[in-house]
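A short reminder: the numbers here are calculations on the coordinates, not readings from a lab. Quantities reported herein were computed from a predicted structural model and do not represent experimental measurements. Cβ: placed from backbone, ideal geometry, glycine included. Neighbour counts: every protein chain shown.
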Amino acid sequence: MANCFFLQSIMKSECPKELEPADRRTPVHVSLVRRDENYTEPDKPKRPFQGVGRTLGSSSSDASVSQAAASATPLNAGPLPSAGMVIDQNAPLTSIQIRLADGTRMVSRFNYHHTVGDIRAFINASRPGISTTYQLQSMGFPPKQLSDPSQTIEQAGLANSVVIQKF
């Protein structure tokens, strides 16, 4: 309804109330571009989900303590991938959150054809001083050990998921 009054005042060559100056002496010039088409919104670029997954129904009090500690830790964007790992922007991409044993959380992007070994190489490159004798497991119930380094992210079902480092 407000748009109707606004347009009617412009059609009468009057200043709309929304544009009136405070002192009423200042001249106001309104240019109107008339178009006979409906407004179409431009297409928004599609981006994969960047949020955090939550596991529901956990009955363990240890899990709630570890999740509270993890939520207090800031979510870090992972370092740049190692020189051996190349991300193909044209191939399907996924984001994987990696929760390290020290409580740090990192999010990195991988292609579906990258392997569990590539995830391990990413962790080793981001933390060069830590021991490499750790296990990776997917978050969920039941947690799944990621022991085959040649298994792809797609085969392991790790797309848009959380991977946990355990010593």
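When we measure straight from the Cα of K144, which lysines land under 22 angstrom away, once same-chain ones fewer than 8 places off are left out?
Hits, sequence-local ones excluded: K166.
How big is the gap, in Å, between the Cα center of the range 142-162 and the Cα center of the range 1-25?
Cα centres, the range 142-162 to the range 1-25: 62 Å.
At a 10 angstrom cut-off on C-beta neighbours, averaged per residue, how do the peptides 92-100, 32-40 rank from highest to lowest?
92-100, 32-40
Rule-of-thumb check for the range 93-166: C-alpha Rg over 2.2 N^0.38 Å? Can you show the working numbers first?
Working: Rg = 11.1 Å, N = 74, 2.2 N^0.38 = 11.3 Å.
Ratio of Cα Rg to 2.2 N^0.38 Å: 0.98.
So what are the ³J(HN,Hα) numbers for the range 144-155, from phi and the Karplus equation (6.51, -1.76, 1.60; θ = phi - 60°), rounded to whole Hz, Gly and Pro as x?
10, 5, 9, 9, 8, x, 8, 6, 6, 4, 5, 5
Report the paramagnetic label zone for S13: residues of the range 26-52 whose backbone N is under 18 Å from a point 7 Å from Cα along the Cα-to-Cβ axis.
Those under the cut-off are 27-33.
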